[in-house]
1. Considering the dipole of the stretch 286-342 built from charges on the beta carbon (Lys and Arg +1, Asp and Glu -1) around the Cα centre, which of 286, 330, 318 is farthest to its positive end?
2. Among 49, 159, 346, what's the order by accessible area (1.4 angstrom probe), most exposed first?
3. Is the stretch 305-450 rounded, prolate or oblate when judged by the Cα gyration tensor, a ≥ b ≥ c being the square roots of its eigenvalues, rounded requiring a/c under 1.5 and prolate requiring a/b larger than b/c?
4. Rank 141, 122, 160 by how far each Cα sits towards the positive end of the charge dipole of the stretch 120-165 (+1 on Lys, Arg Cβ; -1 on Asp, Glu Cβ) and give me just the farthest.
5. Find how much the distance from residue 290 to residue 124 grows on full extension, using 0.36 nm per residue of separation minus their present alpha carbon separation; answer in nm with one decimal.
6. Ranked from the most accessible area to the least, with a 1.4 Å probe and all protein chains present, what is the order of 433, 289?
7. Work out the FRET efficiency for residue 241 and residue 436 from their Cβ-Cβ distance, taking R0 = 60 Å, and round it to the nearest 0.05.
8. Can you work out the Karplus-derived ³J(HN,Hα) for every residue in the stretch 427-444? Use 6.51 cos²θ - 1.76 cosθ + 1.60 with θ = phi - 60°, whole Hz, and x for glycine or proline.
Amino acid sequence: MNKVISKNIYREILKYCNKEKGLWKYSLSYVCKQWFEIQRKQFLEEYIVTSYSQLKNLLQLLEWNEQEQIKNSPTTSNVYQLKQICDSEKQSNHLTKFSIVKQVRTFKFMDLDKELENGQESQNEYLWIIDSIQKKFMGYQHLKGLYFDKSDQLYISMVPHSKFLFNFYIKSSNKDSFPLQTLADTVKRSPNLKSITLANFCYCSNSIDFLKAIKESSIAHFHLKIESNSNLLIDRLLDKEFRCIKVTGAKLYLGRFNQLISSSKSIESLNTPIYFHANETYENLNGLCDHIQNNQTMKSLKISGSKRFNLSVEFSKLFSRVFYYNSSITFLSIGKLPILSDDFFVSLLHNQTLLHLELTNGCLNQDHLHSLCLVLSKASINPKERSAIKYLSLKNNNLSDINSSLSLMLSKNKTLRGIDLSGNNFTIHQAACIFESLEGNDQLYKMDFSGCFKFPTKESLIPLKNYLTTSKNLLSINLYNCSFIETSSSTNNTTIANIENTIDIEKQSIINNNQDVIVFQPKFHYRPHFIPTVLRQ
């Protein structure tokens, strides 16, 4: 996006905000201005390659940077020209004008496997270009990150490495196997590498050299996603000091998990599935709770498992004590694991550190919902006597607000800023009660209700309409996959058509009047990245 277009869009936003009532609209214009600044900076710092011709252009730019023929190149005035450099097939006319590549920190290679398979380029020329780029990267002082998305062939041919490389990401397109020894070469020959992410890998053979290289490196952030539920001998990394580790797909049994969390004295973020044996020992269960309870560095804990695990009541009691004492974790996510109890929710009243709670994918039942809502409904002047949770996700639990505990909580709670109730099952009456309770709550800024509400009649839309009319601070509400028509099989076609037409008109009216807040997105972030200062007062 060039500067002229950005300025025009920003000018239109200002006009819109001046016409609208509400102080937060003016803060929105300020945010949009900052957004354009961020986009401009990001665009300058990233170079994206999606074709063989752009690969050749990259080599030309790296050569031009190496020559340093232009010492003082402009920065902010070259955004549009940089786009020309990236897109144009005739680079020679522009190379003498710009050395803007000096600002690029991250190089991204996207979907090049298909491009190179279908290309007509000479194999010798291709190998020469790859070898040349690899050598240029070794001496490129501004290099911070390399990103390979479905570009396995390019990576294997290049095997990039550099003492300046800080972040490395690869998303494999290989469905059979990936030669991890090439990744080991990148890790071994990049001494300052701090973060590595391996996404969408299948079962990987010959992993010993790779895991050894990870273990001996200075990597502090390790993300690994294996598509098949295979064991990648992850225990070889258990005595490695990580600040952040995210493992999905690879089997990590409870004993190994305990070893990982106890051995890493500086770990800040842990995201991994836990596998339990059929008859898990009390020592392992108690060890898990003790390690989490006493850890003072971890800020984010995300654990998941399977609803099939038959965990004892004793384990639930052990886990319920953890958050009476832990004072470091601010983000907790539990998925599928049946480890919750009433005492766990009571412990949340005594914990003033936990700000973000996710209980998802069947780990929360109807009784648990009632207990949670009682805790979150506590309204006290003393902050130590109420929950500090600001962001709550209860998605995919198939919940129903039978006793109206959720509605009551939403009307009383004054700390929540974002909530995700997607994937649950609320009746028409329950949906009406929820929206009526929200009318008295101006603290919630973002809400995700995708797939959990039905609006079969014009009347069922009234509570939603009333809430949107009275809400002052709502930033966005997601109604993706909510049903706006439901009729019985006995209803004739004419009646169905009339009902659909009536609801469609009412729905469209609501959407037209609230275009700034209603969204229909399959992926929605219920935690607001920005809360206007006027709303915090």
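The values are calculated or read from the model by the stated rules, or taken from the named source; none is laboratory data. Quantities reported herein were computed from a predicted structural model and do not represent experimental measurements. FYI the Cβ positions are ideal-geometry reconstructions off the backbone, even for glycines, and counts take in every protein chain you see. We work out accessible area using only protein heavy atoms, side chains counted, and drop any ligands, DNA or RNA first. Shrake-Rupley method; radii C 1.70, N 1.55, O 1.52, S 1.80 Å.
1. The one lying farthest along the dipole's positive direction is 330.
2. Largest accessible area first, the list is 346, 159, 49.
3. oblate
4. 141
5. 53.8 nm
6. Highest to lowest solvent-accessible surface, that is 433, 289.
7. 0.70
8. Once θ is set to phi - 60°, the couplings for the stretch 427-444 become 6, 4, 5, 5, 4, 4, 5, 5, 5, 5, 5, 5, 4, x, 10, 9, 9, 7 Hz.
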